[in-house]
Amino acid sequence: MKILSYLLVYRRFLLIVLTPLLLLPLPLIIKTKEAECAYTLFVVAIFWLTEALPLAVSALLPAFMFPLFGIMESKQVASAYFKDFHLLLIGVICLATSIEKWDFHKRVALRMVMLVGVNPAWLTLGFMVSCAFLSMWLSNTSAAAMVMPIVEAVAQQITRAEAEADALEMSCSNGSINPALELDENIECESSDWKEKEKQVNAPKHTVHSCIARKLSGSSGTSLNPIFVLNDEPFLYINWWRKSKEDKYSGIFKVMCLCVAYSATIGGLTTITGTSTNLIFAEHFNTRYPGCQCINFGSWFILSIPITVIILLLSWVWLQWLFLGFDFKNMFKCGKKKTAREEASAQVVQEEYKKLGPISYPEIVTLVLFILMTLLWFTREPGFIPGWSSLFPEYKGYATDSTTALVIGILFFIIPAKTLPRNSNGQNTVLGYTPLITWKEFQSCMPWEIAILVGGGFALADGCEVSKLSEWVASKLSPLGSLPLWLIILISCLIVTTVTEVASNPATITIFLPILSPLAEAIHVNPLFILIPATLCTSLAFLLPVANPANAIVFSYGHLTVMDMVKAGLGINIIGVAVVMLAIMTWIVPIFDLYTYPSW
């Protein structure tokens with residue numbers, strides 16, 4: 001047992017040491033560049049999947065392994081660690097830093113919830129929409145971390161109001177027993193005198209039970225169903241009723257927590273910059289197929305927005321049905337009086353919004369720059385009309401989405417955070433100059449681990465090309481061409497969806513892109529046919545708290561069990577894969593002319 005305990009404590013160290021040693025026969029026996037590159041790929045992939053080393057540290061291994069094996073020069077490998085993707089990431093993080101610093105995200109989230117209303121089902125949908133919208137432009141983790149405190153406050157207030165209403169129901173009023181406990185509306189206590197009833201309530205337990213027993217039996221109390229009385233203990237129906245109320249409160253917390261975790265992930269699917277997996281795919285595809293230039297912000301948004309909307313709505317229905325039930329009649333009933341729960345929800349949201357005060361100057365500037373960045377992304381190469389990039393015909397392809405992101409991002413370091421206040425004489429008062437964001441604030445938000453991880457993935461992809469490992473893989477995968485195309489896509493989606501539950505999303509997509517690209521080429525299928533659904537499914541990590549950071553943040557609030565997340569996440573995983581398959585076989589096809597094998 002002592003040895004096992006030592007092995008358990010040092011399991012990561014043993015994995016780090018044994019993995020390279022056990023795989024060492026591969027390059028020693030098969031002395032080819034393909035085998036040496038495969039050895040590097042396996043070592044890095046195992047470290048990524050097990051997280052024996054930090055992801056960024058594992059990503060640095062190709063930087064010294066490729067030069068030692070003679071696959072690539074050190075200068076070549078180093079150039080792979082900083083690409084166009086990193087410039088785009090820097091610009092986006094500048095925007096995210098300003099949004100977080102000036103609390104603009106809270107204003108957006110609360111305003112959306114206020115627009116939707118305070119009906120519990122619609123309130124949940126409001127939180128999902130606001131969180132999904134934020135995660136389109138911020139990281140999924142940031143979106144969940146921003147919205148979750150607001151959701152927690154609203155849920156706490158709902159349960160407090162519900163508890164007060166339930167306490168009133170439990171009390172006796174107007175000379176009758178609490179109607180919530182009546183099994184028949186005609187059941188009443190024998191005495192019509194309120195004081196007599198009060199004496200019965202305060203009497204010993206057997207006296208109260210005999211009164212209830214008489215009412216249930218309809219006789220003098222000689223026969224009583226043993227379900228209701230056990231060893232002269234309190235009426236068991238009361239315990240059941242209380243438990244049902246506790247379950248309802250628990251269900252409210254569970255639905256609201258899960259809606260934040262899942263909508264943060266679902267919203268990230270919508271834009272190229274919404275999640276790191278989309279960015280990794282875009283950079284890999286544009287690097288491997290430079291002649292295409294069809295994957296940009298606008299084209300990705302057009303293909304993914306229907307997917308996001310459908311998955312979001314179906315997830316909302318699934319969570320409501322799973323934990324609270326789905327009452328269409330009450331949801332769509334107009335003009336009804338608000339319940340205690342709805343009043344409490346509205347009060348919390350309005351109080352939180354009032355705390356923000358009127359919109360400030362930095363928030364206005366951040367909003368303007370955000371809209372400007374989005375418009376420039378959409379209008380660079382919209383496809384159906386010439387974009388602003390056509391103004392520079394001699395430099396076609398020079399400007400990318402990262403160009404726009406950097407221009408707007410740098411403005412955050414230039415524009416002052418405060419206007420000049422006026423004194424009593426109407427003259428401007430000179431204050432110290434402070435930009436909208438500072439470098440320290442940017443550094444605190446910049447995900448350097450993701451930046452290095454992506455660089456390591458690009459280095460591995462380049463090594464596979466140079467060593468011709470990708471060609472070897474393609475030749476071995478060519479027999480799969482005999483399978484139906486939809487089955488190949490489905491298999492790849494299910495594989496990445498399974499792996500991403502236990503490995504990080506960026507690591508998963510970085511591992512599979514160099515494998516799936518040669519597969520598409522080997523079976524003479526447009527690579528986008530396989531790469532787009534695989535990329536989208538990589539983000540479908542809903543089953544476990546450790547599957548992605550958004551899940552972990554929500555789980556840390558203590559309202560969920562692992563089984564709650566597994567039960568809910570399994571359904572949303574199935575929904576996600578089904579919607580992605582529907583999309584890739586229908587509306588995505590004409591966008592990229594997928595049934596034509598491209599010349600690039």
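The values are calculated or read from the model by the stated rules, or taken from the named source; none is laboratory data. All of these numbers come straight from a predicted model, not from anything done at the bench. All Cβ positions, even for glycine, are placed from backbone atoms using ideal geometry, and neighbour counts span all protein chains on display. Ligands, DNA and RNA are excluded from the accessible area calculation, which covers all protein heavy atoms including side chains. Shrake-Rupley method; radii C 1.70, N 1.55, O 1.52, S 1.80 Å.
About the Cα centre of region 23-119, how large is the charge dipole given +1 on each Lys and Arg Cβ and -1 on each Asp and Glu Cβ? Please answer in debye to the nearest 20. Using only the charged Cβ atoms, the result is roughly 300 debye. Built from the Cα atoms of region 361-408, the convex hull projects on average onto 3.6 nm², one quarter of its surface area. Surface listing: HIS284, HIS524, HIS559 arranged by accessible area from highest to lowest gives HIS524, HIS559, HIS284, probe 1.4 Å. For the residues MET256, MET585, a 1.4 Å probe over the protein chains yields an accessible-area ranking, largest first, of MET585, MET256.
When the listed pairs LYS75/LYS396; LYS33/LYS476; LYS106/LYS355; LYS106/LYS567 are checked against a 19 Å cut-off, the alpha-carbon distance exceeds it for LYS75/LYS396; LYS106/LYS567.
The calculated FRET efficiency for the pair TYR10 and ASP103, based on their C-beta separation and a Förster distance of 60 Å, comes to about 0.85. Shape index of region 482-600: Rg/Rh, with Rg the Cα radius of gyration and Rh the Kirkwood radius from the inverse mean 1/r over Cα pairs, equals 1.04.
Computed with every protein chain present, the accessible area of LYS83 is close to 50 Å² [probe 1.4 Å]. Judged by the gyration tensor of its Cα atoms, with axes a ≥ b ≥ c, region 1-114 is oblate; a/c meets the 1.5 cut and b/c is at least as large as a/b.
At the listed q of 0.18, 0.20, 0.24, 0.28 Å⁻¹, the Debye profile of region 466-531, built from one uniform point per Cα, gives log10 I(q)/I(0) equal to -0.67, -0.81, -1.07, -1.25.
When LYS254, LYS440, LYS476 are compared by accessible area of protein heavy atoms, the largest-first order is LYS440, LYS476, LYS254, using a 1.4 Å probe.
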